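Here's the structure, in structure tokens; my notes come after.
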Amino acid sequence: MTRKRPLILALDVTERCNLKCVMCHFSTVDRLPFPPYDSYDANMPVDLFERIASEYFPRAQRVALGCAAEPLMHPRFAELLAIAARHRVPDLWFPTNLIPLTEKTADAIARAGVRTVAISIDGTTRETYERIRIGATWTRLHEKLRMLRGVRRRMIFTWMQANRGELREVPAFAQSIGVAELDVRYVSPTDGVDNTAQFITPDDDAKRELELTARDAVRRGIRLTSFPELETAHPRSLFARAQRRLWRMRAGLDTREQREYAKREREQGCGYPGAHYVIRASGAAFPCVYFEQPLEGDTLQRLLMGLRDGAPIGNCATCAIRRDAMYRPPLSS
Ligand SMILES: C[S@@+](CC[C@H](N)C(=O)[O-])C[C@H]1O[C@@H](n2cnc3c(N)ncnc32)[C@H](O)[C@@H]1O
């Protein structure tokens, strides 16, 4: 059955962040240089947001109001939320470190029908959190968590050497702050920052820890929206396969969207183009976070034809990074 709202969008409404997390591109820059990088002041103008919302949101099943930067840094974020609200996107959400949250924005979030706020918390203790999230404090985070209301909470935990020993604490911690969904990812290579010292070797201990963490989270009623691949081989017996499938469905790891993505991947060579759009603060639209050319004129058609004919265009030809890259061990390419 085809969807009335087939699109999945991620917008960067600003090119700035308030933090300098050790593994992130912002540890070395103050502003993201997305093309075209010119006249505007790093924040998407409200009238441009309104035009983008009218063009894409009525066809979108999911819209993220943040991607690579910190959406709460947009000085008129509350207005953007009010505009987004008019389009009744079923899954309106955004990732954030939450630190810049104000009472006014917290009210706007509750009123706009935002479904989920995904809060990045890469530590379950003050020491670890403050060592990674440079510029944030544990006290301020908890102050902002108290301010946030009327919306589902997701926690994003980027697993790296600096928080290596805290993964197993994540489900209990997440539950204690009212989290309903969990996104655990390996730290991945990032342009402009040498974060290789943070990589985790995917040895048997690491895999066992991930498996125990996943099972603990699901037992606590927390859904896994994204999680590193846990298995290297599928079970053989029918019974074991059925059990695995049931557990994955319960965990949130076997969804219609994931099946649709896999189908597009099989049919067109990549699951992104045509269904996904990444729109930067300048208004430039891209088919994914990797493709470097903005979509103009017939670029999307040429991209799809290139994939179909086995001759991908632009840096799609050399793209070794797939969506799952972040959820696989960084060393097992
Ligand atoms: C880049 S941030 C932007 C949104 C917002 N500022 C935040 O902190 O959530 C989005 C997510 O990417 C994660 N992240 C940053 N650098 C990463 C890396 N090198 N590998 C994997 N995830 C990373 C962050 O921990 C955060 O959860």
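Values for this structure:
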read-out	value
Prolate/oblate/rounded call for the stretch 122-162, Cα gyration tensor, a/c under 1.5 rounded	oblate
Radius 11 Å from Cβ of ALA78, net charge of other residues (Lys, Arg +1; Asp, Glu -1)	0
Among MET249, MET44, MET23, residue whose mean-square fluctuation peaks in a GNM of the chain (springs only between Cα atoms under 10 Å)	MET249
Hydrodynamic radius by Kirkwood, which averages 1/r over all alpha carbon pairs of the stretch 11-84, in angstrom	13.1 Å
Lys, Arg +1 and Asp, Glu -1 on Cβ, resulting dipole of the chain about Cα centre, debye, nearest 20	1580 debye
Cα pair distances in the stretch 65-111, grouped into 5 Å bins until the bin that holds the longest one, percent each	5, 21, 36, 27, 11, 1
Estimated 222 nm signal from helices in the chain, with DSSP H stretches of n ≥ 4 weighted -39500 (n - 2.57), rounded to 500	-9500 deg cm²/dmol
Relative counts (whole %) of C-alpha pair distances in the stretch 123-191, using bins that are 5 Å wide	3, 15, 25, 27, 19, 8, 2, 0
Spatial extent of the stretch 1-130: Rg and Dmax, with the Cα atoms as the point set, Å	15.3, 49
The stretch 1-54: radius of gyration over Cα atoms, expressed as a fraction of 2.2 N^0.38 Å	1.50
Two-site FRET efficiency, THR102 against ASP309, from Cβ-Cβ distance with R₀ of 51 Å, rounded to 0.05	0.50
Estimated dipole of the stretch 86-181 in Debye, rounded to 20 [Cβ of Lys and Arg +1, of Asp and Glu -1, Cα centre]	340 debye
For the stretch 70-125 versus the stretch 245-320, the gap between their alpha-carbon centres in whole angstrom	25 Å
Residue among TYR186, HIS25, ALA60 farthest towards the positive dipole end of the chain, charges placed on Cβ	ALA60
Cα centre as origin, Lys/Arg/Asp/Glu Cβ charges: the stretch 176-248 dipole, Debye	700 debye
Stretchable slack from TRP138 to ARG250, in nm (0.36 nm times residue separation minus alpha-carbon distance)	37.1 nm
No Cys partner within the rule (Cβ under 4.7 Å), the chain	CYS17, CYS67, CYS270, CYS288, CYS316, CYS319
Mean shadow area of the stretch 68-191 over all directions, Cα convex hull, nm²	7.9 nm²
Dipole of the chain [Lys/Arg +1, Asp/Glu -1 at C-beta], most positive-end residue of ILE132, ALA214, ALA84	ALA214
Pair ASP203, ALA82: separation of 7 Å Cα→Cβ label points (nm)	5.6 nm
Where Rh is the Kirkwood radius over Cα pairs, Rg/Rh for the stretch 123-271	0.99
Exposed-loop-free span, longest in the chain, where GluC sites (Glu not before Pro) count as exposed if DSSP calls them loop and at most 16 other C-beta atoms lie within 10 Å	1-228
Label point distance in nm, GLN293-LYS263, each placed 7 Å from Cα along Cα→Cβ	2.9 nm
Potential lengthening between ASN18 and THR190 on full extension [0.36 nm per residue; Cα-Cα distance subtracted]	60.1 nm
For the chain: Kirkwood Rh in Å [reciprocal of mean 1/r, alpha carbons]	20.9 Å
P(r) tail fraction, the stretch 185-309 - alpha-carbon pairs more than 24 Å apart, %	50 percent
Where labels lie 7 Å past Cα in the beta-carbon direction, separation of ALA180 and THR125 in nm	3.2 nm
Anisotropy class of the stretch 151-217 from Cα gyration tensor, a/c 1.5 cut	oblate
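All of the numbers you see were taken from the coordinates with simple rules; none came from a lab. All values derive from a computational prediction rather than experimental measurement. Positions of Cβ are backbone-derived with ideal geometry, glycine not excepted, and every protein chain shown enters the neighbour counts.
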